[in-house]
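*Asks:* Right, I'll just put the structure down here and ask away after.
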Amino acid sequence: MLLEARNVSKAFGDFRAVAGADIAVEQGEIVGLIGPNGAGKSTFFNCLAGDTLPTTGRILFDGVDVTRAPPEAHARAGIGRTFQVPTTFDDMSVLANVMVGAFLRRPHRNDAREHARRIVELTGLRADQPARSLGTPSRKRLEIARVLASGPRLLLLDESLAGLTPGELPEAIALVRRIHRMGVTIVIVEHIMEVIMTLTRRVLVFNQGRVIASGTPEQVVRDEAVIEAYLGRGARRPRE
Amino acid sequence: MRKLLAQPASGQRVSICLLAIALVLYPLVFSDAFYRDIGVTFLLAAISASAWNIVGGYAGQVSVGHSMFFGLGAYTPLLLYTLWGWPPLAGIPVGILLSIGLAIIIGLPTFRLSGHYFSMATIAVAELIRIFVGTWALVGGAIGLQGPALARGWWDLTFRGDLPYYYIFLAVLALVLAVTFVLEQRRFGYYLRAIKSSERAARSLGVPVRRTKLQALALSAAFAAMAGSLYGVKTGFIDPDSGFGILVSVQMVIFAALGGAGTLFGPLIGALILVPLQTAANTWFGGGGSGATFVIYGGIIVLIARFEPGGLFDLWRRLAPLLRRRAHAA
Ligand SMILES: Nc1ncnc2c1ncn2[C@@H]1O[C@H](COP(=O)(O)OP(=O)(O)O)[C@@H](O)[C@H]1O
Ligand SMILES: [Mg+2]
């Protein structure tokens, strides 16, 4: 098992955004993570990436306990992630952004630059463009390029394809496929069912901080609990 | 090895050469003591602001208390001279080491928190040191310390006239800029800019944020201490205000911010504009000049904050292509 998280919770005051969530991911999988807004998916990712300290639970990466390790240690171990709200380095060029990722395993500038160039090309961005001038979908793509350059074994994608037009989707899906074929295991949060249906063979459905269903995409969209979570009463937790 | 370093664009290389030549020739052309004094003051301001720039500009960790390193650098050689007759040249490295130690003591706790805590901690510590030094008899209290009046040898760094100081300062400025330039090109420089932009994203990519900030602060403190020690030996005298005063810290911030924080030549450009302006203000308004200085600084802060957060360097970078296009069209 590459990633194994058991009984992970994260409380903000009295409110438990993640409430006893489990996930187990095999090397080489693409796992979908879906669920209504506010279900706790991003917070769960933050726990998995060491960005927030979980209130309870244990997270093992490749058999090593990383529950309390800081995010930079997660990155070094091989857990990469993107952010739902993109956080590109706006004062830098696209290439420089990607180089920051590349430096993790290539400390010398020319090695890092060469590697970053290859990745930029792969992701279809323009190397010398200032990150500041990119729109949100391109920023998300830059985040993918940046983290990909850091050489992750596991990639957590948080709504990286959101905001794309239907016409742009196939290319983005192809990019995720290519990354997967490079040997990167992927967990992907996405609202667009087309993306989940095309990319994944196993889906976890998140609601109110825990996994309420899992299976193939076809199975979960027919699951009673899932339909209830998306449409039924109590589906939308008041946001205070 | 040469290929490892990026060569600046050719137009930029020409400007750098011209600037270097102008700085080398300046005191020979303007041999009047008044102009040489402006030159020395400018170099000192450029060194200090460039030192600040490493942590305040590139890493975006705004210190408003860099006078603590400047003051430590200025006081240490004069204190070691006063106590045991050490030559200032031997005292300078001690001051630098003490500053690095102080930088680590301040950085370790505050870099765990958000940037504002660092800024506030630097102001507070610098002020505490200034007040403390002013009451401590061993280090001269409110009166301060003096260096050697007559040189026992060149290692006393006590020269007649400004010319030797001018070239020593110029060499140190070149050193600071060269180190900054090299670091800017390397992983360290990329990490600093990433940290400035988003610590969270930087950490997610494996950047050791706290260690990198600490290294930047230590290096910045070392150069600020070097600037202070140059000031101390040149003036042959140091007191709490000229070493640890808030104005010393604020000047570094303003010079760098005006020229362009986080750019190699920004602080130098800021000093190039402000030092002559300040001297003019002092000449015109006499003793009231320092009041005018504050007014000018206040105005500059407002203008930068409101219109040009990137400083003049950024403004120029955006305007230059437009001007060139117009020149071509004409
Ligand atoms: N830092 C925080 N402080 C307080 N509440 C938070 C914080 N982060 C997220 N939440 C709350 O946790 C819940 C889950 O949010 P999130 O993980 O972003 O859900 P999702 O990604 O599934 O849409 C939401 O109700 C959100 O308001
Ligand atoms: Mg989310």
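*Asks:* Please work out, to two decimal places, the log10 of the ratio I(q)/I(0) at q = 0.14 Å⁻¹ from a Debye calculation in which every Cα of region B:34-329 carries one identical scatterer.
*Replies:* -1.04
*Asks:* Moving to a separate point now. Below 24 Å, Cα to Cα, which lysines can A:Lys10 reach? Residues fewer than 8 away in the same chain don't count.
*Replies:* Within the straight-line limit of under 24 Å, A:Lys10 reaches these lysines: A:Lys41.
*Asks:* Give a residue-ordered list of calculated ³J(HN,Hα) values for region A:40-49 (Karplus: 6.51 cos²θ - 1.76 cosθ + 1.60, θ = phi - 60°; whole Hz; x for Gly, Pro).
*Replies:* Each residue's phi maps through the Karplus curve to give x, 5, 5, 5, 4, 4, 4, 5, 5, 8 Hz.
*Asks:* Given region A:23-117, report the % of alpha carbon pairs whose separation exceeds 18 Å. Spell out each step's value before the answer.
*Replies:* Numbers: 2580 of 4465 pairs.
Counting every Cα pair in region A:23-117, those more than 18 Å apart make up 58 percent.
*Asks:* What is the ratio of the Cα radius of gyration of region B:182-330 to 2.2 N^0.38 Å, with N the residue count, to two decimals? Walk me through the numbers before you get to the answer.
*Replies:* Numbers: Rg = 18.7 Å, N = 149, 2.2 N^0.38 = 14.7 Å.
Compactness ratio reported: 1.27.
*Asks:* Shifting gears a bit: At what distance in angstrom do the alpha carbon centres of region B:232-246 and region A:54-109 lie from each other?
*Replies:* Comparing the Cα centres of region B:232-246 and region A:54-109, I get a distance of 45 Å.
*Asks:* A further question follows. Looking at the square roots a ≥ b ≥ c of the eigenvalues of the Cα gyration tensor of region A:121-173, which shape do they give, rounded for a/c under 1.5, prolate if a/b is larger than b/c, or oblate?
*Replies:* Working: a/c = 1.64, a/b = 1.08, b/c = 1.52.
It is oblate, given that a/c is not under 1.5 and a/b is not larger than b/c.
*Asks:* Right, here's the next one. Hey, any idea what Rg/Rh is for region A:140-240, computing Rh the Kirkwood way over Cα pairs?
*Replies:* Working: Rg = 15.0 Å, Rh = 15.0 Å.
Rg/Rh: 1.00.
*Asks:* In nm, to one decimal, how far is the A:Leu231 label point from the B:Trp155 one, both placed 7 Å along Cα→Cβ?
*Replies:* Those two pseudo-labels are separated by 8.9 nm.
*Asks:* Tell me, what HN-Hα J-couplings in whole Hz come from the Karplus equation 6.51 cos²θ - 1.76 cosθ + 1.60 at θ = phi - 60° for each residue of region A:83-99, using x for Gly and Pro?
*Replies:* 9, 4, 9, x, 10, 6, 8, 6, 7, 10, 6, 4, 4, 5, 4, 5, 5
*Asks:* Please compute the average number of Cβ atoms from other chains found within 10 Å of each residue's Cβ in peptide A:148-154. Can you show the working numbers first?
*Replies:* Working: counts 0, 1, 4, 1, 2, 0, 0.
Partner-chain Cβ atoms within 10 Å, mean over residues of A:148-154: 1.
*Asks:* Now a separate question. Out of residues 5 or more away from A:Ala213 or on other chains, whose amide H comes under 5 Å of its own, with H placed 1.01 Å from N in the peptide plane?
*Replies:* Counting only residues 5 or more places away or on other chains, the set is A:Val205.
*Asks:* Expressed as a whole percent, how much of the Cα-Cα distance distribution for the protein assembly as shown exceeds 41 Å?
*Replies:* On the way: 58625 of 162165 pairs.
Tail of the P(r) past 41 Å holds 36 percent of the pairs.
*Asks:* For region A:9-50, restrict the atom set to alpha-carbon positions and state the Rg and Dmax in Å.
*Replies:* Cα radius of gyration and Dmax of region A:9-50 are 11.4, 37 Å respectively.
*Asks:* A further question follows. Hey, what number do you get for the protein assembly as shown at 222 nm if only DSSP H runs of n ≥ 4 count, each worth -39500 (n - 2.57), divided across all residues, to the nearest 500? Please report the intermediate quantities before stating the final value.
*Replies:* Details: 23 runs with 331 residues, N = 570.
Mean residue ellipticity at 222 nm (helix-derived): -19000 deg cm²/dmol.
*Asks:* Here is a further query. In terms of modelled amide H atoms, which long-range or inter-chain residues lie less than 5 Å from the amide H of B:Phe237?
*Replies:* B:Gly147
*Asks:* Moving to a separate point now. Please report how far the C-alpha centroid of region A:131-151 lies from that of region B:176-197, rounded to the nearest whole angstrom.
*Replies:* If we compute the Cα centre of each part, the gap is 21 Å.
*Asks:* Still on this model: If only Cα atoms are counted, what is the Rg of chain A, and what is its Dmax, in Å?
*Replies:* 17.6, 57
*Asks:* Would you work out the relative contact order for region B:25-171, in percent, from Cα pairs under 8 angstrom that are 6 or more residues apart? Can you show the working numbers first?
*Replies:* Numbers: 141 pairs, mean separation 43.0, N = 147.
Result for region B:25-171 is 29 percent.
Laboratory data are not the source of any read-out in this text; all were calculated from the coordinates shown. Here the structure is a predicted model, which is why all the values come from computation and not from measurement. All Cβ positions, even for glycine, are placed from backbone atoms using ideal geometry, and neighbour counts span all protein chains on display.
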